[in-house]
Structures are given as C-alpha cells and as structure tokens.
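Single-structure report; data block below.
The values are calculated or read from the model by the stated rules, or taken from the named source; none is laboratory data. Nothing here was measured: the structure is a model prediction, and the numbers come from that model. Here the Cβ positions follow ideal geometry from the backbone for every residue, glycine too, while neighbour counts run over all protein chains shown.
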Amino acid sequence: MAATDPVDEMVDGRGHVRPHWRSLLGAFTQLEDGGVVERGRRLDRAFEEEGVTSVLPGAETDRSAWRCDPVPLPIPASEFAGLEAGLGQRARLLELVLQDIYGPQTLLDRGLIPPALIFTNPAFLRACRAPGTARRDLLQFYAADLIRGPDGAWRVLADRTAGPSGAGYARENRRILARVMPEAFRPVQVRQLRPFFEMWQEALQRLAPPGRPNPGIALLTPGVGHPQWFEHMFLSRELSCALVEGGDLTVRDGGVFLKTLRGLQPIDVLLRRVDGRLLDPLELEVDAAGVTGLMDAWRRGRVRIANDPGSGVVEAPALAMQGKTGASSPASCRRRSGRCRYGSSGRSSRPGRRRCSVSPRPAGPTRELPC
C-alpha cells in the first residue's frame, strides 16, 4: 500500500482483517444472501417512519439528508481512549484561550494571536468581555470533526464550541440500528451512550446558581425551521429539559423565566442552540428574536448559558493552524496550559470524517505527549 493511499478501516493492508473487525464480520456472514442490503433498506424505512416527517406531518424533507449505514465503524477501546484523552486536552486548551480572549488578552498582547483574527470575527462578542474579574468556565461542551489521515492517525478537521451538535443524532442512530441490525451488537462489547447523557444532565444541573436544588433547565432552539430542530427534540428528551424558543422566555427582576399556562417558571440553565449574536436584541443583534435582558441576567449569575455566549470565536480555522504565531502552536500551547496538545490539525478531502463530542471533565491528571 502506497504511503499516500487512504487507510482501509477493515483490512490491514496485508490481506488480513483487523482484529476488532473479526467478530462483526463473523456476525454478518450468518445473514442470508443480500442480508446487509436488506437491513439497509429497513434502516431507511425506519428513519422515514420515525424521522422528521413523523414529527412534523406535511413537512417537506430530503429523505437522503439523514442516512445511517448498516455497517458500523468499530473503534478499539485503546484507540478510543487515546482520542478521549487528546480531545479532552484540546478542550481544556480552548477553554484557556477563551478565558484569555475575554479576559486579559495576553495572547493578543504578545502577538501569539493576531488581533484582526479576533476583533473581525463575528463570533467575538464584546459584551461578554470582563477583564480583571474571575470568570467561570466558558466551554462546558465541546465537539470536533475528525478525519483519519493516510498514516492512520486521527486529526481534528474542525472545532465546534458554540453549539456543538451531533450527540442527539448519534443516540437515535444507535437506537434504531440496534433494533434493525441487532447482529452488529451481539458479538462485541459496545460502549453505551446512556451514561454520557446522564453525566451531561448532571453537569447541567451543577451549573445552576447556588441554592437551587431542583434547577430549571431548558434547551434554547431557533425553532422548527432550523435544520437541526429534530436533534434539539432528541436532546431535550434525553436530558429531560424543556424545549423553548426565545419568545417563550422573559426576564423579570434580573431572572429568566419560562412563560407557561401555570405562570412564570424560573430557568436557571440554558443549553443554547442559538447563535450567540441572536441571544439578546438589547445588547447584540438588534433584529434578533432573542430574549431582551438575557445578557444582563447572565452577567449577574442569575442564569447560566452553555456554552457561554461568544465561545464560538475559537472555531476560527486559523486558530487551529500549526505555526509560530498560531494560538495552538506548541509554543503558545505550553504558555497557556503547560502541556502540548495531543494530535494535530489539518484539512483533507479524504473520506473518514467523524464527529466526536466531549464534555470537559474537572481538572485532573492528563496524558503528556511530545509535540
């Protein structure tokens, strides 16, 4: 196999099936002729029957927009552990960069990040900057687009820090695939997704202001016209939180409330899936259909927003470039966190792109790797 050829996920290049694929292929060989193709058709029908058209009758949707391959991509536990450690470390680095951008701006003063890269970025919200004050974590949830390079190493194609998506689709894909293609799960030990959502739900509850034992949590969505509306429904169900739009909320006496038939219900934590610029028409975009006064309630600590407004500024591809002046170069990485980021960044047109989500954990031991 030439060095520039893409990696075959199933075969090792010497005609041998990779060990973590053998059990899965053994299960597929027990199917009747054309069994995999037939299961693929069943998957398509399941997504048509339980997809957007079933939730929104009469909605015109592209049936090919959401497809699930009947053959999953198994990743060995050891390889996934490396991804988990590397992405967790990357999330902590991006958190430190965000803290600096909206705080002392040391990276800009030292020339490690060009000021034009920040101040001309629409995702940079000046209303969120608070230099000289102790800040809370800005990045509660992080996702990344991954791609496997021709050398077999995973690389980050893009960082997702504003409103990371994909977790809801992964949950629904797993649920339907396990029902239509149970043979794919019997011979292997698959890491369950439910504990991830339970930990996420607990993390959102911990974000609530002090003295709120039963905090009100809501997912803020742009509405039914948004391309990811279906996933927003999944997430609100899995996280047991209300699904709300800007018009459903109001700010009274510095607090955020949900308007219901029983009166105003306090909201302590907002999981936002709305562009940060559209959150508050009083301080941000004037024409935004947001919640007037939301930014003031957020600054006062009456409500927590995850991820925090303005966190999308570190999604800029230039910040992920390796180089002498890049914010994620080895030199500046050590200046900000004392460690070097695991893995590398780059762009590629080769297949193998995956979305991986990480909920940053409390500070603890990290895996130190050379640059």
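Looking only at strands (runs of 3 or more DSSP E) that fall completely inside the stretch 265-371, which ones have 2 or more residues that are among the aliphatic types (A, V, I, L, M), within 24 Å of the chain's Cα centre (by Cα) and modelled with pLDDT of 90 or more?
Because the criterion is at least 2 residues that are among the aliphatic types (A, V, I, L, M), within 24 Å of the chain's Cα centre (by Cα) and modelled with pLDDT of 90 or more, the strands (runs of 3 or more DSSP E) in the stretch 265-371 that meet it are 269-272, 304-306.
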**Study point:** Members of the stretch 45-78 that are aliphatic (A, V, I, L, M), surrounded by 14 or more Cβ atoms within 10 Å (Cβ to Cβ) and modelled with pLDDT of 80 or more
**Key:** Ala46, Val71, Ile75
Point to revise | Candidate set from the stretch 238-276 (those that are touching a helix residue (DSSP H, G or I) at 6+ places or on another chain (Cβ under 9 Å) and more than 21 Å from Trp200 (Cβ to Cβ)); member that is surrounded by the fewest Cβ atoms within 10 Å (Cβ to Cβ) | key: Thr260
